[in-house]
Amino acid sequence: MPLNVREISTIEFGHCALLEYDDIEMYVTLDYGPRIVSFRKHGMPNLLYNQADPELERNHGHKMRITLAKSTNGIYCDNSPVRYSPLADGVSFVQTLSEPVHLEIRMDIVFDTDIGSFMVVHSVINQSMEEQKLSIYTETPFNNDGFVFIPQSNIRETDRPSRILSIWENCRWNDKRLFIGNQYVTVHNIRPERERAGEFQLIGGDIIEPRLKIGINNTAGFCGYIEGKHALIKRYVHSRNALYPFSGCSAFATANDGYISIQNTSPFYIIGPGETARYIESWIFAKVHGNIHSKNEDEIDEFINSV
């Protein structure tokens, strides 16, 4: 099945590259990014949340960041124009960060022969004259209609801790959006009732839920989002003995007021001038047969084993 790529102009996202492979349709931004702002099969809704980000004045969507070991916040945004070129079975998107560290961001989307499966290869090329220590950080936001799940560590240790759960400041372990099971951690969003307004921040007459963010040492190497009859599974490699930037966690689940998301991070890489660091995710679009509930681990497990 040949890959069809063409450049289009949209009201929502500006100039984009439209990728069509079999019945998969994907939009990748070119004015800024690269960001995957739409991913769906023909006739189905977009699984990704892509509304405007008020802080960056850009649309959400799958995106990558760089965490620098020597920086206080370490996150560099992908807000510069993007150039793209064809690959054998995909497309390469490149953006250059000239200040302050002269890095080049590259996102390659490579389709597999298996329909519904493709790789997203996130790369950082060191174009500076100095050695850089960095981690590649990705975020995939989803609509509120489903839930995200991350498996807990599958490593068994005798008399040693093997599972890491980290929670961000001002988040609560008893948050109703969070389920911590024996095998999985799931996060979904809720729209609170007016009478519960005391638990949330009230701004301009709207009830705003505080952010929930939890991190996990995801040694199983997969996570995903389930919405009704459709799901997106992401697979990657967790390196047990590597140093990760956020308390040893490689996967994170977040619930914001408007959307839920999964974030993933690579371990720290040390790359010299001209060298490249890569972080690869394999995405699988899957159909869901029957109902899967966010608090039923057996249902989630049965679905994962069938994909």
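Points to keep in mind about this one:
- Taking the chain and dividing mean pair separation by its residue count, relative contact order in percent (alpha carbons under 8 Å, at least six apart): 17 percent
- Estimated FRET transfer efficiency (Met129, Glu7; beta-carbon r; R0 41 Å; 0.05): 0.75
- Computed from phi, the 3J(HN,Hα) profile of segment 210-225 under the Karplus parametrisation 6.51, -1.76, 1.60 (θ = phi - 60°) reads x, 5, 10, 9, 10, x, 9, 7, 7, 5, 5, x, 8, 6, x, 9 Hz, with x in place of Gly and Pro.
- Note that segment 180-186 has calculated 3J(HN,Hα) couplings of 10, x, 7, 10, 10, 10, 10 Hz, one per residue in order, obtained from phi through the Karplus relation 6.51 cos²θ - 1.76 cosθ + 1.60 (θ = phi - 60°); glycine and proline are x.
- Label-point gap, in nm, between Gln183 and Asn305 - each point 7 angstrom along Cα→Cβ: 0.7 nm
- Relative contact order for segment 205-307: 29 percent, from Cα pairs under 8 Å spaced at least 6 residues apart, divided by residue count.
- Using the Cβ-Cβ distance between Asn154 and Glu275 with R0 set to 30 Å, the FRET efficiency works out to roughly 0.40.
- Between the beta carbons of Met44 and Asn170, assuming R0 = 35 Å, the FRET efficiency works out to 0.45 to the nearest 0.05.
- For Ile105, neighbours were defined as the other residues whose beta-carbon sits under 12 Å from its Cβ, and their charges (Lys and Arg +1, Asp and Glu -1) total +3.
- Once backbone amide H atoms are built at 1.01 Å from N, Thr219 has Ser153, Asn154 as its partners under 5 Å, excluding neighbours fewer than 5 places away on the same chain.
- Kirkwood hydrodynamic radius (C-alpha pairs) into Stokes-Einstein, segment 3-306, 20 °C and 1.002 mPa s, D in µm²/s: 106 µm²/s
- Here the simple spin-label model places points 7 Å from the Cα toward Cβ, and for His289 and Leu18 these points are separated by 3.4 nm.
- Protection proxy ranking for 86-93, 2-9, using the average of other Cβ atoms within 10 Å per residue and placing the highest first: 86-93, 2-9.
- Residues with amide H under 5 Å from that of Gly224, placed H, sequence gap 5 or more: Phe149, Lys234
- Amide hydrogen neighbours beyond the local backbone of Gly33, cut-off 5 Å, H modeled: Asn79, Ser80
- Rounded to the nearest 20 debye, the dipole size of the chain about its Cα centre is 540 debye, using +1 on the Cβ of Lys and Arg and -1 on the Cβ of Asp and Glu.
- Peptides 144-152, 102-110 ranked from most to least packed by the mean count of surrounding Cβ atoms within 10 Å: 144-152, 102-110.
Taken together, the values in this text are just the output of simple stated rules run on the coordinates, not laboratory data. Just so it is clear, the structure is predicted and the values come from calculations on it, not from any experiment. All Cβ positions, even for glycine, are placed from backbone atoms using ideal geometry, and neighbour counts span all protein chains on display.
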